[in-house]
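Novice: Sharing a structure with you now.
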Amino acid sequence: MATQDGKLKVLVTGGAGFIGSHVVDALVEAGHEVVIVDDLSTGRASNINPRARFYQMDIRDPHLSEVFEQERFDIVNHHAAQMDVRKSVADPLFDADVNIRGSLNLLECARKSGVRKIVYISTGGAVYGEPEYLPCDEAHPVNPICPYGASKHTVEHYLYMYRVLYGLAYAVLRYPNVYGPRQDPNGEAGVVAIFIGQMLAGKQPTIFGSGEQERDFVYVGDCSRANLLAMEDHVQGIFNIGSGRGTTINQIYALLSEITGYRRPPVYGPPRAGETFRIFLDATKARREMGWAPQVSLEEGLRRTVAYFRTQEG
């Protein structure tokens, strides 16, 4: 439990994953005691911070309660998820099982063991659907057009209910398109990592659709900072994490071509089902109530990411 100097015991689910591992690093650096639960289905053992305790476990596992009883967490940071939009369209039952049932298992463990707050990672890119206005703020109607967006939003309702029924505090971070070091270049999610991996390997990347679809890109280091701020007691409710501006996939391709020295044009393929065409997020509330704003520019973030892939993934 919390120590006299304010250091906390934090569980990070999905802490071996791309974003979760950066959050773990930031928590460890801040002096907190960190435990990771990750089934390594998409996370990597090499991402695990050696100063964190690690349990290889699925969040749906009935034995998860034993970890909670043994460790007695102050905060749960919940990153573990089925996060692939295309996979959610192809297999909505699996998506709901991991994202809803897995999260409910976690909430029950938290409630029974006296956890004081949940920091839950949702999606700003998928919950709103096709925006009625831009940038989307937290008051924008929630009309997801893919099972992933629906499952992630469903848990937001459970969090509200658990606060009303059991007094379990929470903060929801609705993420944009997060990119940076450790993103899987062979995965289905993360256009930046996929493009960099293919460009550095001399392969010709495919852009699905016209490439004029817009996304809100935020560097992973800025997102991990938001997670630390969200642990503060006064931070309650739902927060967009975003830059407030859209960048097209064609622009990302052009920037990465310039940074990597890649000269070939992209191949264009058919658009993919369930993907929002144009989305970017208003993070005014996060700035006002959390003191958060992105600090790393898109070009600087892309340069850092390319440098990582050149040295680590080559």
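The values are calculated or read from the model by the stated rules, or taken from the named source; none is laboratory data. What you see is a predicted model; the values in this text were computed from it and never measured. As a convention, Cβ positions derive from the backbone with ideal geometry for all residues, glycine included, and neighbour counts pool all protein chains shown.
Quick grid of which residues meet (1) touching an Asp or Glu at 6+ places or on another chain (Cβ under 9 Å); (2) in contact (Cβ under 8 Å) with a residue 12 or more places away in the chain:
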site: 7; (1), (2): yes, yes
site: 13; (1), (2): yes, yes
site: 26; (1), (2): no, yes
site: 31; (1), (2): yes, yes
site: 37; (1), (2): yes, yes
site: 40; (1), (2): no, yes
site: 46; (1), (2): no, no
site: 53; (1), (2): yes, yes
site: 56; (1), (2): yes, yes
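Yes or no, residue by residue, for (1) more than 19 Å from the chain's Cα centre (by Cα); (2) small (Gly, Ala, Ser); (3) in a loop (DSSP other than H, G, I, E, B):
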position	(1), (2), (3)
233	yes, no, yes
256	yes, no, no
294	no, no, yes
302	no, no, no
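Novice: Quickly run through region 235-245 and pick out the residues that are under 18 Å from the mean Cα position of the chain (by Cα), surrounded by fewer than 21 Cβ atoms within 10 Å (Cβ to Cβ) and closer than 21 Å to residue 297 by Cβ.
Specialist: 244
Novice: Looking only at residues that are of a type in the set (Val, Ile, Thr) and modelled with pLDDT of 95 or more in region 1-31, which one is nearest to residue 116 (Cα to Cα)?
Specialist: My answer is 10.
Novice: On the basis of being of a type in the set (Gly, Ala, Ser), in contact (Cβ under 8 Å) with a residue 24 or more places away in the chain and closer than 30 Å to residue 236 by Cα, does residue 269 make the cut?
Specialist: Considered against the rule, which asks whether it is of a type in the set (Gly, Ala, Ser), in contact (Cβ under 8 Å) with a residue 24 or more places away in the chain and closer than 30 Å to residue 236 by Cα, residue 269 comes out as no.
Novice: For a quick check of your reading of the model, give me the residue pairs whose first member lies in region 198-211 and is in a loop (DSSP other than H, G, I, E, B), whose second is among the acidic types (Asp, Glu) and at pLDDT below 95, with beta-carbon atoms closer than 9 Å and at least 6 apart or on different chains.
Specialist: Cβ pairs passing all conditions: 209/275.
Novice: Let me ask you something else. What residue, among those in region 198-229 that are surrounded by 15 or more Cβ atoms within 10 Å (Cβ to Cβ) and of a type in the set (D, E, K, R), is farthest from the chain's Cα centre (by Cα)?
Specialist: Going through the qualifying residues, I end up with 214.
Novice: While we're looking at this one, here's another question. Restricting to region 28-38, name every residue that is of a type in the set (D, E, K, R) and buried (at least 19 other Cβ atoms within 10 Å of the Cβ).
Specialist: If the condition is that a residue be of a type in the set (D, E, K, R) and buried (at least 19 other Cβ atoms within 10 Å of the Cβ), then 33, 38 are the ones that fit.
So that you can scan it fast, the table gives a plain yes or no per residue for (1) acidic (Asp, Glu); (2) modelled with pLDDT under 95; (3) on the phi > 0 side of the Ramachandran plot; (4) surrounded by 18 or more Cβ atoms within 10 Å (Cβ to Cβ):
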| residue | (1), (2), (3), (4) |
| --- | --- |
| 247 | no, no, no, no |
| 254 | no, no, no, no |
| 262 | no, no, no, yes |
| 289 | yes, no, no, no |
| 292 | no, no, no, yes |
| 309 | no, no, no, yes |
| 312 | no, yes, no, no |
